[in-house]
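Working notes for the structure below.
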Amino acid sequence: MMRPLPPLNALRAFETAARHLSFTKAAAELNVTPAAVSHQIKALEELLGVLLFRRLPRALRLTDAGQAALPILGQGFEKLSQAVEQIRAHSESGLLTISVSPSFGALWLVPRLERFRARHPEIETRIDGTDRRVDLTRGDADVALRYGPGGYDGVRVDRLFGQVNTPVCSPALLRGAQPMTKSPQAKQPLRSPEDLRHHTLLHIVWKDAEASWRMWLLAAGLPDIDPTRGPHFTQESMAVEAALDGQGVALVGDILVADHLAAGRLVRPFDPSLSTPLTFAYYLLSTNDSAEQPKVTAFRTWLLEEARATRPEARERT
């Protein structure tokens, strides 16, 4: 069990006086009287049972105990100052920092974000596009949007939606044309899964093997089509851009391309029944302490509404 700490004011008085080796200069920095500083330090020495200063006629000198304590206390007060700044930046202000994977941010969140700003103009947003792990408890972000299997410990978790993996392409490929390329393969209309052998496959480097072209082609009964040919992308957004340009057929989660499908910029070339449910889902993560902050509550309420609009319950497959 941790021992009770001495009063913070007394520790601060010692740290300041030790840096200056002067009660007078410490008093000026702390905006108190030299007598008050002397009193705080004497009370601290009595509480700890050890002298921290040698009081000479015209100077102060640190004892061995004082010299050992000074750098650690200095670091401690610096950490406290940083923590207070984090609290001010993320809790007291209207700035909401959202950590989101770059592709999900670009394809789904950012196109909808203006609706959140219109509803809550008092909340400024900062979008941190990253796939790296963030520590919400340390103030890396206020909330995080992540795609994964769930089971996140130590935080509040709100499930947004699952998705299905589906081939998508430019409508031009259905007619046998690719607007941005001259490939001879582009002359073959894409009308059935068998026609994929004549088209470029756009791959995404997924963490889960079930989302690969190899698994989709096997499920579609087409093991003879080479599942490895075509360019590979580390971000879904890049594969989607290639599909929009008519460069090939991308195998992506339908949530990521919901807006493009609704606008007709992309199409599903095959029967939707060939889409495969994915076990992962999208989640909103927030710390238990920050979950009820007004800005976090406002964002969660809005985000869950957008999630329901993106995938109505009648169409939910996961």
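The values are calculated or read from the model by the stated rules, or taken from the named source; none is laboratory data. What you see is a predicted model; the values in this text were computed from it and never measured. Cβ sites come from the backbone with ideal geometry, for glycine too, and all protein chains shown count toward neighbours.
Counting just the residues of the range 61-99 that are at pLDDT 90 or above, aliphatic (A, V, I, L, M) and more than 19 Å from the chain's Cα centre (by Cα), which one comes out surrounded by the most Cβ atoms within 10 Å (Cβ to Cβ)? The residue in question is Ala69.
Condition test on Val240, is it in a helix (DSSP H, G or I) and closer than 20 Å to Phe161 by Cβ? When the stated conditions are applied, Val240 passes them. Restricting attention to the range 213-237 and to residues that are in a loop (DSSP other than H, G, I, E, B) and in contact with a Ser or Thr (Cβ under 8 Å, 6 or more places away or on another chain), the residue that is nearest to Ser101 (Cα to Cα) turns out to be Gln235. Any idea which residue in the range 19-35 is surrounded by the most Cβ atoms within 10 Å (Cβ to Cβ), counting only those that are in contact (Cβ under 8 Å) with a residue 12 or more places away in the chain and in a helix (DSSP H, G or I)? Across the range 19-35, the extreme among qualifying residues is Ala26. Yes or no: Val252 part of a strand (DSSP E or B) and buried (at least 18 other Cβ atoms within 10 Å of the Cβ)? Criteria met by Val252.
Would you confirm, using the coordinates I've provided, whether Arg55 is free of Cβ contacts under 8 Å to residues at least 60 places away in the same chain and part of a strand (DSSP E or B)? Even if it seems obvious, please write down each step before you answer.
Details: free of Cβ contacts under 8 Å to residues at least 60 places away in the same chain: yes; part of a strand (DSSP E or B): yes.
So Arg55 passes the test.
The residues of the range 116-160 include none that are more than 20 Å from Pro294 (Cα to Cα), surrounded by 18 or more Cβ atoms within 10 Å (Cβ to Cβ) and over 13 Å from the mean Cα position of the chain (by Cα).
Of the residues Val134, Val110, the single one that is part of a loop (DSSP other than H, G, I, E, B) and of a type in the set (A, V, I, L, M, F, W, C) is Val134. Among the residues making up the range 164-178, those that are assigned to a strand (DSSP E or B) and touching a Leu at 6+ places or on another chain (Cβ under 6 Å) are Asn165, Pro167, Val168.
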